[in-house]
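Undergrad: My questions all concern the structure below.
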Amino acid sequence: MLVSFPNMGHSWPAFKALFKPLGVDIVLPDPTNREAVKIGVKHSPEFVCFPFKTTLGDFVNAIEKGADTLVMAIDCGPCRFGFYHAVQERILHDMGYKHIRVIPLDQADLLEFKWVQTILQVSQTKNLLLLPKAINAVILFLKKAKYIADIQTAEGLIRAYERNQGDTTRLVKKLLVQLDETDKLSELRKFRSVITNSFKEIDIDRDRNPLKVALAGEIHVTLEHYVNLDIRRRLGELQVEVHQNLSLYDWVVHKFHLNYHRKWLEYLARPHVPMDIGGECVWVLGEYIDRARAGFNGFIHTYPFTCMPEVTARTIITNKLKKEYDLPAIFFSMDEHSGSEGFRTRIEAFVDLMNARRDQKEKQGDNIKDNLKSKSHSVNGNSFFNEIVQIINTK
Ligand code: SF4
């Protein structure tokens, strides 16, 4: 048995950690690419969500590399995510891959422990001796997912200050491989300092005062850099700080009902959308309000074309919240037709707009420059975020 799962940005070391301790062999699909998207699009229903198509393409790639067991997350929410695995399995069988199993990883409510079923199915055993291995796998998964979120946080901040373009990107790749290779809990406990010490080594220009932008949206598009046209790197290289709470870890903790930051965002969004309508709609609205109050310069919302919950969030932001909170926002709807050049032009125009707005406010005597820097740094983020801010601020 050779197990695989689709790509979702930096998340692969965590997914690997969930299955490796069970003794199963794992093969990763190649990073999502043009060919995978082409295959996914060709074999998917035309109007299905874009993540369905790209993950199907990843699956085909993994099958060509020998995978026979594929794991796909599912949810029971009001949108289409709940049926991805069943339809994908059928399509793969119709394509001639009759031996393939797509195993659902139920993450609708992790406290219902339906995901244990997935672990049993993947390991093909009901032996109780598996239990310690399964517990180890879950601990490794959670720890690695947290470190991946930390790497993402540091990356979003430091890239805006790097003197040698590409340093941050190279370091992130190196850290992910290092994280993947670290399987002992005793070593993993020290990984946080590995991350901070590595980022300290990057040569940064501390005199810059980058714009601060919040990035939010549908989870697959926002995390998978091929699909979002590497928006985080592009912004960072334009010397923009990217603040993103959304990560695999953020999502999993939410599904364990322990994500108090998300509860705060739900509270902010409640007057506009009083319940979860799928995707990240509720939290995108909460993020918009939260970031506007924190004095950010802009807000970016990325989502798949035809994604109902995210289109709802976009409509509420443009028609209502923008008037009330006056935080510039730009929206990117992604699908197989998204082109890199038009995308770059829009991002650059948005950065110009935010710069002009900030300059204008400064001219008006509003001493906003330093206020914004200290305010947006002091009210956002966890203790790891603050460590990275300290690296930037310490001469
Ligand atoms: S969140 Fe959007 S893209 Fe994802 S399954 Fe639901 S409708 Fe589709």
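Undergrad: Over 10 Å intervals from 0, what percent of Cα-Cα pairs in the chain sits in each interval?
TA: 5, 22, 33, 26, 11, 2, 0, 0
Undergrad: When the chain is treated as a GNM, springs tying every alpha-carbon pair under 10 Å, which of Lys255, Lys146, Lys212 comes out with the largest mean-square fluctuation?
TA: Lys255
Undergrad: Between Gln244, Gln178, Gln88, find the one with the highest GNM mean-square fluctuation for the chain; connect C-alpha pairs within less than 10 Å.
TA: Checking each option, the largest mean-square fluctuation is seen for Gln178.
Undergrad: Is it possible to state the helix-based mean residue ellipticity at 222 nm for the chain, with each DSSP H run of 4+ residues giving -39500 (n - 2.57), the sum divided by total residues, to the nearest 500 deg cm²/dmol? What is it?
TA: Helix contribution divided over all residues of the chain: -16500 deg cm²/dmol.
Undergrad: With a cut-off of at most 10 other beta carbons within 10 Å, and DSSP calling the residue loop, which trypsin sites (Lys or Arg not before Pro) in segment 37-68 qualify? Please list them.
TA: Within segment 37-68, no trypsin sites (Lys or Arg not before Pro) qualify (loop, at most 10 other Cβ atoms within 10 Å).
Undergrad: In addition: Along its three principal axes, how long is segment 207-393 when you only count alpha carbons? Whole Å, largest extent first please.
TA: So the three principal-axis extents are 42, 38, 33 Å.
Undergrad: What net charge is computed for the residues neighbouring Thr118, neighbours being all others with C-beta under 13 Å from the C-beta of Thr118, Lys and Arg scored +1, Asp and Glu -1?
TA: It works out to a net charge of 0.
Undergrad: Using a Gaussian network model of the chain with C-alpha springs under 10 Å, which one of His43, His225, His301 is most mobile by mean-square fluctuation?
TA: Highest fluctuation of the listed residues: His43.
Undergrad: Can you name the helices of the chain, as whole DSSP H runs, whose Cα span along the helix axis is 24 Å or more and whose Kyte-Doolittle mean is not below -1.0?
TA: Correct list, ordered by number: 130-158.
Undergrad: At a temperature of 37 °C and a viscosity of 0.692 mPa s, determine how fast segment 2-128 diffuses translationally according to Stokes-Einstein, using the Kirkwood radius over alpha-carbon pairs as Rh; express D in µm²/s, rounded to the nearest whole number.
TA: On the way: Rh = 14.8 Å.
D = 221 µm²/s.
Any read-out appearing in this document is the output of simple, stated calculations on the displayed coordinates, not a laboratory observation. Since the structure is predicted, the reported quantities are computational estimates derived from the model, not experimental observations. All Cβ positions, glycine included, derive from the backbone under ideal geometry; neighbour counts span all protein chains shown.
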